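Written out below as structure tokens is the structure these notes cover.
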Amino acid sequence: MQKRDTPESCAFPLWYNATTSEPKFTMSNPVANALTMQIAQVVPCTEAEGPGKRFAIWFQGCPLRCPGCCNPEFLPFKGGQTKTAAEMVEWLTRTRDESGIEGITLLGGEPFAHALPAVALARTAKQLGLSVMVFSGYVLEDLRAKAEPEIAELIDLTDILVDGPYDRDKPDTERRWIGSTNQRIHFLTNRYQFDEQWRKKNTLEIRVIGREISVNGFPAKDAVGLWKGWTRKKPLPLATPTSSPDSRGADSK
Ligand code: SF4
């Protein structure tokens, strides 16, 4: 396969939140279209949700209630937007080609409460040569004890599982991408290991799109809630050919 030139970092991050605008899709796979999923948010190219550049998907709906959950708006199973597997696969494939992402990250909401669509996304990721990282509020032992075959399949497809409920009283400042010290990192395949990149400072990405602000990454105690309800009085100016998209505030750090 011919190698494409792709940016080294997520310099041109697209962003989609179920409450705001969304990219246009074309329906291309009627079989996959039969499977739908509730999506709260997607950041198609992020460096704040696992190793390298990743396509991050937040499912809408979680049965757990971790005190201090950073995404309370993603807890109800009603809400978000309904997307077909075909739409998501097309988006993921296009992003892989354009941005050179190395994997997908599934978050919540609780990915294992959406195991069927999560398996569809993880299978596709593997077919595209991408890695799969999953954040779950359940611990691995409890997941392995569940009877649903799709849960077992999702575990089998996962390269990195970060498990356990988020605990706001145990913020993790040592392990990049990890919310609290009680959460464990399971390298379920040999694709990754705990190396230097996990010991770097944590990452928080802030994006401003029009009058909306989006934050993802490390839920630093001092930062949680700072952006909630934030709305610009005036839209930011559009980028000109001499200014990068980051000058609009779509910054990552
Ligand atoms: S598992 Fe995640 S989304 Fe669910 S309550 Fe805990 S922190 Fe929030």
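The values are calculated or read from the model by the stated rules, or taken from the named source; none is laboratory data. On a predicted model such as this, the values are computed, not experimentally measured, just so you know. All Cβ positions, even for glycine, are placed from backbone atoms using ideal geometry, and neighbour counts span all protein chains on display.
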Condition met for G68 (assigned to a loop (DSSP other than H, G, I, E, B), within 16 Å of the ligand (Cβ to nearest atom) and in contact with a Cys (Cβ under 6 Å, 6 or more places away or on another chain)): no
Among residues of segment 126-178, those that are among the acidic types (D, E) and out of contact with any Gly (no Cβ under 9 Å at 6 or more places or on another chain), counted: 7
Inter-residue pairs, beta-carbon under 7 Å, first within 12 Å of F135 (Cβ to Cβ) and in segment 96-122, second of a type in the set (S, T, Y), 6+ apart: E110/S136; P111/S136; F112/S136; F112/Y138
The lone exception for F77 - which of (1) more than 16 Å from the ligand (Cβ to nearest atom); (2) at pLDDT 95 or above; (3) not hydroxyl-bearing (S, T, Y) it fails: (1)
Sole exception among (1) surrounded by 15 or more Cβ atoms within 10 Å (Cβ to Cβ); (2) in contact with a helix residue (DSSP H, G or I) (Cβ under 9 Å, 6 or more places away or on another chain); (3) at pLDDT below 55 for R248, by number: (2)
Residues of segment 44-65 classified as crowded, with 18+ Cβ neighbours inside 10 Å and assigned to a loop (DSSP other than H, G, I, E, B), total: 9
Whichever residue in segment 165-202 is among the hydroxyl-bearing types (S, T, Y) and in a loop (DSSP other than H, G, I, E, B) and, among such residues, is nearest to the ligand (Cβ to nearest atom): Y166
Residue list for segment 173-224, restricted to those being touching a Ser or Thr at 6+ places or on another chain (Cβ under 6 Å) and farther than 22 Å from I57 by Cβ: R211
Check on G210, touching a Leu at 6+ places or on another chain (Cβ under 9 Å), farther than 18 Å from R54 by Cα, modelled with pLDDT under 95 and small (G, A, S): yes
Selected residue (only one of R191, R199, R168 is more than 24 Å from L64 (Cβ to Cβ), touching a Lys or Arg at 6+ places or on another chain (Cβ under 9 Å), touching a residue at least 12 places away in the same chain (Cβ under 8 Å) and surrounded by fewer than 16 Cβ atoms within 10 Å (Cβ to Cβ)): R199
Residue under evaluation V162, criteria (1) under 21 Å from W198 (Cα atoms); (2) within 11 Å of the ligand (Cβ to nearest atom); (3) not in a strand (DSSP E or B), criterion not met: (3)
Subset tally (residues that are more than 16 Å from the ligand (Cβ to nearest atom), not hydroxyl-bearing (S, T, Y) and not in a helix (DSSP H, G or I)) for segment 80-95: 2
Residue in segment 96-116 that is assigned to a helix (DSSP H, G or I), surrounded by fewer than 22 Cβ atoms within 10 Å (Cβ to Cβ), at pLDDT 95 or above and within 11 Å of the ligand (Cβ to nearest atom) present: yes
Count - residues of segment 119-156 that are under 15 Å from L106 (Cα atoms) and outside any helix (DSSP H, G or I): 9
Cross-chain or 6+ apart pairs with Cβ under 6 Å, segment 54-73 first and on the phi < 0 side of the Ramachandran plot and among the aromatic types (F, W, Y), then in a loop (DSSP other than H, G, I, E, B) and more than 6 Å from the ligand (Cβ to nearest atom): F55/I101
